[in-house]
Each structure stands twice: as C-alpha cells, then as structure tokens.
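Chemist: Let me give you the structure first, and then I'll get to my questions.
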Amino acid sequence: GSLQPIQAHPQFAILASMNPGGDYGKKELSCALRNRFNEIWVDSGIDTPDALSKVLQNSNLATVPYVTTTVHKFVWWVNTNICHRYRLRCITLRDLQVLLEMW
C-alpha cells in the first residue's frame, strides 16, 4: 500500500536525555543526535552544598557527623582546587554515592 502522512499535534514536544551509566563525564552527542536536538550540558551539581549534604545524610556515615563534614570538605576542595583548576574530571554525586555504598 500507500503511505499516509502523520500530522503531529501543535503542542507535541519531545525531550531526549543522555545519561550513560558507564560513560562518566561524557559531554559529546553523536552527530545524528546533535542535528536533531538542542544540546544542553548540566553540571553534576556536587558543588551545591545541599545536594552533597543529602547524599551524605542518606549514607551509613550519617551517624558519624565529623566524617560527613570531612568528606563534604574534601570533595569540595578536590573539585575546586584540583579538578576545576587543571580541567580534570571532578568528583560527581554518582561517584560519591557509589563510594559511600561500598563503605
């Protein structure tokens, strides 16, 4: 048979997200995706004290306040003084959560 065209609803919208499980820190989209979508890079958010605090509070370390404070300060220091300065991959919330699950 013949093909029938499909008309999209005027309010139709699509959103695509790329969050590869094993490809940490990847910022590049393939050419095929880049040509079809607007690309927005969102930082990990670990520099936000609230986000980092929530991850630490939900860990087994929550019962040891000085440890959570120390980890919080260490992650912030590494990301600020090493990663950002030398353009290295920073510690992400996902990295920290995996590390805390092993603790």
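The values are calculated or read from the model by the stated rules, or taken from the named source; none is laboratory data. These numbers were taken from a predicted model, which means no experiment stands behind them. Cβ: placed from backbone, ideal geometry, glycine included. Neighbour counts: every protein chain shown.
Chemist: In region 81-98, which residues are of a type in the set (Lys, Arg) and in contact with a helix residue (DSSP H, G or I) (Cβ under 9 Å, 6 or more places away or on another chain)?
Modeler: Passing the criteria: only 89.
Chemist: Taking into account only those residues within region 76-97 that are among the β-branched types (Val, Ile, Thr) and over 14 Å from residue 54 (Cα atoms), which is farthest from the chain's Cα centre (by Cα)?
Modeler: That would be 82.
Chemist: Same structure again: Taking into account only those residues within region 29-57 that are under 14 Å from the mean Cα position of the chain (by Cα) and surrounded by fewer than 12 Cβ atoms within 10 Å (Cβ to Cβ), which is modelled with the highest pLDDT?
Modeler: Restricting to residues being under 14 Å from the mean Cα position of the chain (by Cα) and surrounded by fewer than 12 Cβ atoms within 10 Å (Cβ to Cβ), the top hit is 40.
Chemist: Pull out all pairs, ordered by first then second residue, where Cβ-Cβ is under 9 Å, the residues are six or more apart or on different chains, the first lies in region 83-103 and is modelled with pLDDT under 80 and of a type in the set (S, T, N, Q), and the second is exposed (fewer than 13 other Cβ atoms within 10 Å of the Cβ) and assigned to a helix (DSSP H, G or I).
Modeler: none
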